[in-house]
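Below is one structure, written out as structure tokens, with a few remarks after it.
The values are calculated or read from the model by the stated rules, or taken from the named source; none is laboratory data. Keep in mind the model is a prediction, meaning the values are calculated, not measured. For neighbour counting, all protein chains shown are included, and Cβ atoms are generated from backbone atoms with ideal geometry for every residue, glycine included. Quick note on the areas: whole protein, heavy atoms, side chains included, nothing else; ligands and nucleic acids left out. Shrake-Rupley method; radii C 1.70, N 1.55, O 1.52, S 1.80 Å.
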Amino acid sequence: MHPEALTEAAARVAARLDALAGCTDTPGEITRLFLSPAHRRSLALLKAWMTEARLATRLDASGTLVATRAGADAEWPTLLLGSHIDTVRDAGKYDGCLGIVLAIEAAAALGGEALPYGLQIRAFGDEEGVRFPVTLTTAHATAGTFDRTWLDVRDEAGVTLRQALSDFGLDSDQADACAAAGAAAYLEVHIEQGPVLEHAGAPLGIVTAIAAAARFVVQVNGRAGHAGTVPMDRRQDALAAACAMILALRNIARDAGDVVATTGSIAVEPGAPNTIPALCRFTIDLRAPQDAALAAAEAGVRRALAGVAEAERVTLDISRTHAAPATACATQLQSLLAGAVAACGLPAPALGSGAGHDGMAIAGLCPIGMLFVRCAGGVSHSPAERVAQEDIAVALQALLHALRAFRPDIMRDA
Ligand code: HGY
Ligand code: MN
Ligand code: MN
């Protein structure tokens with residue numbers, strides 16, 4: 001692609017990301033939850049851009065927007081390009097969306113150029129798992145591993161996923177019948193969400209593997225009481241106990257070295273300033289590069305929380321709401337992407353991903369590859385998320401190289 005055309009395309013990608021950022025459920029910030037009005041508005045924008053890029057679009061029953069490039073024979077293997085368009089609360093505008101808008105731009109740049117494979121873009125609607133206490137449901141639908149029990153999980157308003165799909169105009173009974181056919185491989189371009197590329201002075205990086213992850217909801221049950229009359233040594237304070245538990249799990253992660261543990265949300269009942277908390281519910285997000293380290297960390301966390309519960313005379317319920325094993329990126333796709341980045345005259349550092357991605361589910365369908373794009377300060381899941389337009393340009397250039405170099409038969413012994 002000529003430098004001027006590349007600069008123009010990168011500017012278009014940046015402008016489209018700004019337009020998508022306007023699709024929010026909360027004015028003044030970027031919050032776009034699964035099957036929300038903002039999700040619907042973002043789909044309208046993406047469909048228009050996909051149609052402009054001569055892609056045929058359809059929304060599948062799980063809430064994934066599928067865009068298929070014309071010209072491939074039905075029995076040709078397909079290369080999937082994907083990422084997610086849902087966000088965390090008060091998010092940045094690049095996490096997920098960058099991969100989709102870049103894929104559309106690459107399809108448009110290819111025009112009618114012949115490729116020896118089918119090309120499909122999949123915009124997943126539920127990677128963050130913020131609205132419902134499950135995650136990666138749409139990528140699992142594409143992988144053919146959608147669990148029908150997820151249809152009964154409820155959001156904070158008590159709406160089931162089944163109802164939310166139906167309210168969105170989707171047939172929830174078909175949510176587990178959305179598997180992609182003939183997928184030879186999956187590629188995702190995504191911001192790094194960490195500082196490694198910036199420290200290395202590299203705009204792009206090749207992902208080697210995605211860390212193992214597990215999420216839990218912990219409920220601590222104490223006993224409500226009058227804040228002024230219950231002696232300190234007679235309390236069963238659910239919130240004080242939860243605080244001790246959260247600090248204990250943080251210390252376990254700190255001591256383990258390669259484990260990260262986060263409590264991202266907490267709720268207290270009854271929530272009155274002069275009442276000893278009877279109940280506290282909080283989340284745990286636990287990750288480690290390898291499955292064994294994650295399992296050891298989980299065992300340590302369970303032991304520590306049980307010890308605090310006993311000491312504080314409260315009861316404890318820990319339920320795991322998500323688990324995804326460490327997921328390797330196929331060596332063939334790592335080499336394909338490294339060659340594409342090198343063809344752009346750039347270094348191609350390899351790095352692991354501490355963040356989770358749709359590829360963790362898609363790996364159950366076909367081999368996956370990921371290209372990371374540098375983001376300022378490694379900041380993500382924040383409105384401070386930033387990607388330089390020059391880095392968008394080289395990411396597009398590298399993606400085009402990879403698409404032109406990809407041959408399904410390189411995946412033969414993946
Ligand atoms: O949590 C994650 O790592 C991803 O952003 N969903
Ligand atoms: Mn993401
Ligand atoms: Mn994210």
Query raised in the report: Taking Cα atoms, how many degrees apart are the long axis of helix 291-312 and the longest axis of the chain, rounded to 10 and kept between 0 and 90?
Result: 20 degrees
**Report entry** Per-residue ³J(HN,Hα) for the stretch 260-274, Karplus 6.51 cos²θ - 1.76 cosθ + 1.60, θ = phi - 60°, Hz, x for Gly and Pro
**Finding:** 10, 10, 9, 9, x, 8, 8, 9, 10, 10, x, x, 9, x, 10
Query raised in the report: Can you give the angle from 0 to 90° between the axis of helix 389-405 and the longest principal axis of the chain, with both taken from C-alpha atoms, to the nearest 10?
Result: 60 degrees
Report task. For Gln163 and Asp291, calculate 0.36 nm times their separation in residues minus their Cα-Cα distance, and state this gained length in nm to one decimal. Result -> 42.6 nm
Query - Using θ = phi - 60° and Karplus 6.51 cos²θ - 1.76 cosθ + 1.60, couplings along the stretch 50-66 (whole Hz; Gly, Pro as x) - result: 5, 5, 4, 8, 6, 9, 8, 10, 7, 9, 7, 5, 8, x, 9, 8, 10
Report summary line: The Cα radius of gyration of the chain, divided by 2.2 N^0.38 Å with N its residue count, comes to 1.04
Report summary line: Here the stretch 235-252 yields Karplus 3J(HN,Hα) values (6.51, -1.76, 1.60; θ = phi - 60°; whole Hz; Gly and Pro given as x) of 8, 10, 8, 5, 6, 4, 5, 4, 4, 5, 5, 5, 5, 5, 6, 5, 5, 4
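Find the relative contact order for the stretch 5-50 and round it to a whole percent, using C-alpha pairs within less than 8 Å whose residues are 6+ positions apart.
Working: 24 pairs, mean separation 11.4, N = 46.
Relative CO of the stretch 5-50 lands at 25 percent.
Whenever you get a sec, compute what percent of the accessible area on the chain sits on carbon and sulfur atoms (1.4 Å probe). Intermediate values should be presented prior to the final figure.
On the way: 9000 of 16780 Å².
It is 54 percent, rounded to a whole number.
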**Report entry** Local electrostatic count at Ala181 - Lys and Arg +1, Asp and Glu -1, tallied over other residues with Cβ under 14 Å
**Finding:** -1
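Please tell me the relative contact order of the stretch 280-414 in percent, rounded to the nearest whole number, where contacts are Cα pairs under 8 Å and at least six residues apart.
Values: 88 pairs, mean separation 35.9, N = 135.
Computed over the stretch 280-414, the figure is 27 percent.
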Query - Degrees between helix 331-343 axis and first principal axis of the chain (Cα, 0 to 90, nearest 10) - result: 60 degrees
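With loop defined by DSSP as not H, G, I, E or B, and exposure as at most 14 other Cβ atoms within 10 Å, which is the longest segment of the chain clear of exposed trypsin sites (Lys or Arg not before Pro)?
Details: sites that count: Arg313, Arg412.
Excluding the exposed sites themselves, the longest stretch runs over 1-312.
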Query raised in the report: At each listed q (0.16, 0.19, 0.21 Å⁻¹), what is the log10 of I(q)/I(0) that the Debye formula gives for the stretch 212-324 modelled as equal alpha-carbon point scatterers?
Result: -0.69, -0.89, -1.04
Query raised in the report: If contacts are Cα pairs under 8 angstrom and at least 6 residues apart, what is the relative contact order of the chain in percent?
Result: 22 percent
Query raised in the report: Taking amide H positions as placed 1.01 Å from N in the peptide plane, with prolines and chain starts having none, which residues 5 or more places from Val189, or on another chain, fall under 5 Å of its amide H?
Result: Gly82, Leu371
Query raised in the report: Taking H as built 1.01 Å from N, whose amide H comes closer than 5 Å to the amide H of Ala350, not counting residues under 5 places away?
Result: Ile206
Report task. Give the calculated FRET efficiency between His226 and Ser382 to the nearest 0.05, with a Förster radius of 25 Å applied to their Cβ-Cβ distance. Result -> 0.05
Query raised in the report: Length gain on complete extension for the stretch Arg313 to Thr262, per 0.36 nm per residue less the alpha carbon to alpha carbon distance?
Result: 15.9 nm
**Report entry** Probe 1.4 Å, protein heavy atoms only - accessible area per residue of the stretch 186-286 in square angstrom
**Finding:** 45 Å²
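What is the gain in length, in nm to one decimal, between Asp171 and Met1 on full extension, counting 0.36 nm per residue of separation less the C-alpha to C-alpha distance?
Values: separation 170, 0.36 × 170 = 61.20 nm, distance 4.15 nm.
Computed gain between Asp171 and Met1 is 57.1 nm.
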Query - Residue-averaged [θ]222 nm for the chain, counting only DSSP H segments that reach four residues, each worth -39500 (n - 2.57) - result: -11000 deg cm²/dmol
Report summary line: Counting sequence-distant residues (5 or more places) and residues on other chains, those with an amide H built under 5 Å from that of Gly118 are Thr78, Leu79
